[in-house]
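A short write-up of the structure that comes next.
The values are calculated or read from the model by the stated rules, or taken from the named source; none is laboratory data. Treat the numbers as computed from the prediction; the structure is a model and nothing was measured. Positions of Cβ are backbone-derived with ideal geometry, glycine not excepted, and every protein chain shown enters the neighbour counts. Each accessible area value is taken on the protein alone, full model and side chains, heavy atoms only, with ligands, DNA and RNA left out. Shrake-Rupley method; radii C 1.70, N 1.55, O 1.52, S 1.80 Å.
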Amino acid sequence: MLVRRAYIPEAQRPESFGTWPYTVPCVAELAERGLTFTAPVTMLVGENGSGKSTLVEAIAEGFKLDSHGGRAGRKYVNDRPKTPLGDVLKLETTPIGSRMLTGPRSRRKGFFLRAETAFGLLNTVSGVYGYWDEDTSTMSHGEGFLTVFGAMFRDRGFYVMDEPEAALSFESCLKLVGLMHELGSSGAQIICATHSPILAATPGADIIEVGEHGTRRVKWNELDLVDHWRRYLADPGLYLRHITE
Ligand SMILES: Nc1ncnc2c1ncn2[C@@H]1O[C@H](COP(=O)(O)OP(=O)(O)OP(=O)(O)O)[C@@H](O)[C@H]1O
Ligand SMILES: [Mg+2]
């Protein structure tokens, strides 16, 4: 583990939670109590707009990961200002995490994969020496992603991902689970926002459900997401009736 907790120092907390991002329940909770990480792999799940991206983006910024979706220790397109939450969020690190965070940039390992810029990342770094040998420009979207993941998951670093499943098939998602699990077992840490029941099932992952309630730990079996998928796959008509009638 590299990061144990994310929090907002008392002096940085706003007096009222009336403006964004504090209007998002999970952010208000983070401001009040912080958010602890208990396992090498943390999965954040929850409805659209529940605040997952707001959280992971700020966490990535807290570890000084490139918020355009790049690799730590290497600066190529990090020209945007921090997000409002990233501005005030602090990370409580383990000794190893702390050495990575405060040491020279080259010692910082890991990366931030943003859902919206993931494809841009592929283009930015394809062909850049030292990332991967394969030419990703001749691969399909999903193939390229898996190649990038495989190559970038080399170090025991801090990996923040926002919906990495977007381009991936069922089988590719399984491969990504394998990669993440291996990475988590090697001393790296992953924080991943996802809508995928496959990724959420990564063995040993701590699953945090984000929503109106703020955040809560939920077992995979008891996730709303999993329940919906189970029912839908068993009988799509149950859901589609409400949509098409
Ligand atoms: N820059 C911004 N200014 C104001 N509100 C914002 C901003 N960015 C996001 N929001 C709002 O904050 C809330 C949380 O958004 P966020 O993108 O974190 O959700 P999410 O859980 O990642 O959703 P999704 O599953 O659709 O990716 C939403 O209501 C969104 O409209
Ligand atoms: Mg999001």
statement: In debye to the nearest 20, the charge dipole size for the range 142-245, taken about the Cα centre with +1 at each Lys and Arg Cβ and -1 at each Asp and Glu Cβ, equals 240
task: Please list, or write none, the aspartates and glutamates whose alpha carbon is within less than 19 Å of the alpha carbon of Lys109, excluding same-chain residues fewer than 8 places away.
output: Glu57, Glu61, Asp66, Glu92, Asp155, Asp162, Glu182
- prompt: What are the lysines whose alpha-carbon lies under 19 Å from the alpha-carbon of Lys82, with same-chain residues fewer than 8 places away excluded?
  reply: Lys52, Lys64, Lys90
message: Under the rule of at least 5 residues apart or a separate chain, name every residue whose amide H is placed under 5 Å from the amide H of Tyr159.
response: Phe111, Gln189, Ile190, Ile191
- prompt: Roughly how much of Ser169 is accessible, in Å² to the nearest 10, using a 1.4 Å probe?
  reply: 60
